[in-house]
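Reviewing the structure listed below.
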Amino acid sequence: MKALVLYTLSLFLFCSASLADALTIYSYRHYESDVLLFDKFTEQTGIEVKVVKSKAGALLERLKAEGDQTPADILITSDAGRLHQAREAGVLQPLKSLFLEQRVPANLREPEGYWFGFTQRARVLVYAPDRVSEDELSSYEDLASAEWRGRLLVRSSANVYNQSLLSSMIDANGKQQALQWAKAVRQNMARTPQGSDRDQMRAVAAGLADVAIVNTYYLGLLANSDNQKDRAVAAQLKVFFPNQAARGTHVNVSGAGLVAGSDQVEAAQRFLEYLATDEAQLAFTGATYEYPVVSDIKWSPLLEQWGTFKADPISLARLGELNADAIRCFNQAGWE
Ligand SMILES: [Fe+2]
């Protein structure tokens with residue numbers, strides 16, 4: 001019996017070792033919780049994970065420059081717009097995985113398997129309830145109306161989150177209407193676009209504006225910050241999910257794809273599949289206040305508190321295709 005156990009154990013170790021000694025992940029995500037999650041993957045598979053963190057643009061440039069010589073096996077980045085850029089740049093290769101096809105909804109992954117969403121976020125409205133009542137809010141489109149003059153905050157259009165939001169509006173309403181919207185929203189801003197999503201919320205809490213467009217997890221991060229001031233900011237704001245009467249709130253993903261130059265496809269596939277397991281999905285929603293992509297995963301209490309909502313079901317790959325149009329539109333609208 002003992003011999004059999006030893007034999008089985010050595011077979012497992014042999015399999016793991018032959019699969020890959022280590023995977024190299026280029027990641028734009030900068031969460032300590034990701035590292036803890038990757039450690040669990042290593043414990044379970046024996047495959048070491050080396051993470052190289054950098055800005056999204058820098059990682060893409062590096063992958064392009066390294067080509068086939070790249071040490072990277074996996075690229076992790078946020079937003080379908082960026083994932084699409086990576087695919088266009090030729091630095092990803094398609095992966096066929098039945099497990100991922102079953103676990104990740106079709107609209108949250110690239111149809112040919114070039115990338116897969118692993119966490120979801122919604123781009124919502126946050127507002128100061130002492131100056132805005134919930135029934136004044138309805139849709140992204142409504143933010144173009146004159147009643148919001150001088151009352152809005154949104155970050156720069158150079159940010160991919162805004163580009164993907166506008167892509168979804170181009171798809172829904174056409175380019176002309178999207179341009180008119182971008183012009184009007186720019187007119188309604190309380191200041192020239194600057195800072196991060198978190199900075200927009202801090203400014204609303206400080207009374208500079210009444211409504212901001214931000215990604216949900218940033219509110220979660222403020223609410224759970226070590227910094228008491230940031231917790232106070234979150235406590236002053238409420239969340240509104242726009243466009244519930246029609247197509248739904250714009251959602252996007254943080255996602256990953258297999259690097260074109262990887263020579264460890266099998267191990268990389270195991271890693272990508274791991275990100276869609278219940279264990280990984282629960283870790284994401286608990287630690288970074290993102291929504292799971294896999295249905296039936298329990299949300300963290302804060303997300304439960306914000307409530308359920310209808311998400312725009314558009315394929316995120318389509319948003320990637322419209323990214324260049326969205327950038328042109330923002331430039332024409334004079335949205336810095
Ligand atoms: Fe982000």
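Of Leu303, Gln85, Phe241, whose Cα points farthest to the positive end of the dipole of the chain (charges on the beta-carbon: +1 Lys, Arg; -1 Asp, Glu; origin at the Cα centre)? Checking the options against the dipole of the chain, the answer is Phe241.
What's the whole-number percent of alpha carbon pairs in the chain lying beyond 38 angstrom? Intermediate values should be presented prior to the final figure.
Details: 10282 of 56280 pairs.
In whole percent, the long-distance tail amounts to 18.
Within the shell of other residues whose beta carbon sits under 13 angstrom from the beta carbon of Leu272, the net charge comes to -1, with Lys and Arg scored +1 and Asp and Glu -1. Taking each residue as 0.36 nm, the span from Ala106 to Glu279 lengthens on full extension beyond its C-alpha to C-alpha distance by 60.2 nm. In a DSSP loop and with at most 16 other Cβ atoms within 10 Å, the trypsin sites (Lys or Arg not before Pro) in segment 162-261 are Arg191. Among Val126, Trp115, Thr24, whose Cα projects farthest towards the positive end of the dipole of the chain, with charges put on the beta-carbon of Lys, Arg (+1) and Asp, Glu (-1)? Most positive-ward Cα: Val126. For segment 88-223, a crude dipole built from +1 on the beta carbon of Lys and Arg and -1 on the beta carbon of Asp and Glu, taken about the Cα centre, is about 400 debye to the nearest 20. If you plug the beta carbon distance of Glu32 and Arg231 into 1/(1 + (r/R0)^6) with R0 = 25 Å, you get a FRET efficiency near 0.85. Dividing the summed helix terms, -39500 (n - 2.57) for each DSSP H run of n ≥ 4, by the number of residues in the chain produces a 222 nm estimate of -13500 deg cm²/dmol to the nearest 500. About the centre of its Cα atoms, the chain shows a dipole size close to 700 debye [charges on the beta carbon of Lys, Arg (+1) and Asp, Glu (-1) only; nearest 20 debye]. The GluC sites (Glu not before Pro) of segment 79-133 that DSSP puts in a loop, and whose beta carbon has at most 16 other beta carbons within 10 Å, are Glu112. Residue order for Met201, Met189, fewest other beta carbons within 10 angstrom first, comes to Met189, Met201.
Projecting the Cα atoms of Leu275, Val265, Gln332 onto the charge dipole of segment 260-336, computed from C-beta unit charges around the Cα centre, puts Gln332 farthest toward the positive end. Take every Cα pair under 8 Å whose residues are at least 6 apart in sequence, average their separation, divide by the length of the chain, and the relative contact order is 28 percent.
Taking square-rooted eigenvalues a ≥ b ≥ c of the alpha carbon gyration tensor, is segment 114-252 rounded, prolate or oblate, where a/c under 1.5 means rounded and, failing that, a/b exceeding b/c means prolate?
Numbers: a/c = 1.62, a/b = 1.20, b/c = 1.35.
Because a/c hits 1.5 or more and a/b fails to exceed b/c, segment 114-252 counts as oblate.
Which shape class applies to segment 17-77: rounded if a/c is under 1.5, otherwise prolate when a/b exceeds b/c and oblate if not, where a ≥ b ≥ c are the square roots of the Cα gyration tensor eigenvalues? Let's see the in-between values first.
On the way: a/c = 3.89, a/b = 1.33, b/c = 2.91.
Judged from the Cα gyration tensor, segment 17-77 comes out oblate (a/c at least 1.5, b/c at or above a/b).
Principal-axis analysis of the Cα atoms of the chain puts helix 2-19 at an angle of about 50° to the longest axis. A straight line joining the Cα centroids of segment 279-324 and segment 211-255 runs 13 Å. For Ile213, the shell of other residues with beta-carbons less than 10 Å away shows a net charge of +1, using +1 for Lys and Arg and -1 for Asp and Glu.
Nearest 10 degrees, 0 to 90: what angle lies between the long axis of helix 175-188 and the longest principal axis of the chain (Cα atoms)? Relative to the chain, helix 175-188 is tipped by roughly 70 degrees.
Rule-based calculations on the coordinates, nothing more; no lab input. Note that the structure is predicted; figures quoted are calculated from it, not measured. As a convention, Cβ positions derive from the backbone with ideal geometry for all residues, glycine included, and neighbour counts pool all protein chains shown.
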